[in-house]
Structures are given as structure tokens and as C-alpha cells.
1. Starting from the 7 Å offset along Cα-to-Cβ, what nm value, one decimal, do you get for the label separation of A67 and A11?
2. Report the extension gain between V58 and V23 in nm, rounded to one decimal, defined as 0.36 nm multiplied by the number of residues separating them, less their alpha carbon distance.
3. Could you estimate the translational diffusion coefficient of segment 2-82 from the Stokes-Einstein equation, with Rh from the Kirkwood formula over C-alpha pairs, at 4 °C and 1.567 mPa s, in whole µm²/s?
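What follows is calculated from the coordinates using simple rules that are stated; it is not laboratory data. Remember, predicted model here, so these are calculated numbers, not experimental data. All Cβ positions, glycine included, derive from the backbone under ideal geometry; neighbour counts span all protein chains shown.
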Amino acid sequence: MIYVDSPVWPAHGRLWAHLVSDVSRTELHAFAELLGAPRKGFDRDHYDIPSELVPVAVWLGATRVTARDIARLLRAADLRLPKHLARAADPTPSTTTR
């Protein structure tokens with residue numbers, strides 16, 4: 001299942017929400033592609049999506065949840081990937097910042 005929280009995270013002059021799957025990253029990437037979210041919005045275990053895509057995500061079937069629920073759902077599905085583990089898994093340095 002796909003979940004989205006409220007767009008309350010400010011960056012680049014707009015508000016952002018998190019989009020996650022409790023099934024697999026494959027499901028998440030497929031949904032994000034359907035939504036039109038660029039792959040560069042993927043960050044370890046979630047997509048950052050702009051506020052204007054949240055209603056579209058819900059229309060496509062995403063369930064609205066709180067930010068706390070996002071973290072809980074990822075942990076319960078064993079899909080949570082903390083930054084320190086992501087760096088260990090990917091030896092190439094990140095060139096993007098938020």
C-alpha cells in the first residue's frame with residue numbers, strides 16, 4: 001500500500017510531503033512514476049513530493065497518514081533505511097542537497 005503525509009516540510013520555496021510503500025521499493029517507484037514524481041525525489045526509503053502532487057497521489061490511491069505514521073510504517077515493513085546505513089550501502093558520495 002502507498003502512503004503520503006501532509007506537505008509540511010519546507011525546501012526550495014515550497015512545501016513537501018513524504019510518499020512511502022509498506023510493500024516494497026518497487027511498488028513505491030512504480031507509483032511515483034505513475035504520479036509523475038521525478039526519480040531525483042527518491043531519498044533512501046521515500047519520495048519527497050511537492051504539495052501539489054499530494055491530492056493527485058490520494059486520487060491515485062495513496063492513503064493519507066501522519067509523519068509519525070510514515071516512520072512507523074517503514075519500520076514495520078522493514079523498509080526504513082537510515083542515513084548512516086544508506087551511506088554504507090552506497091560508496092558514491094551524494095551530490096544533491098535538500
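1. The two pseudo-label positions are separated by 1.2 nm.
2. Full extension of this stretch gives 10.9 nm more.
3. Result for D is 106 µm²/s.
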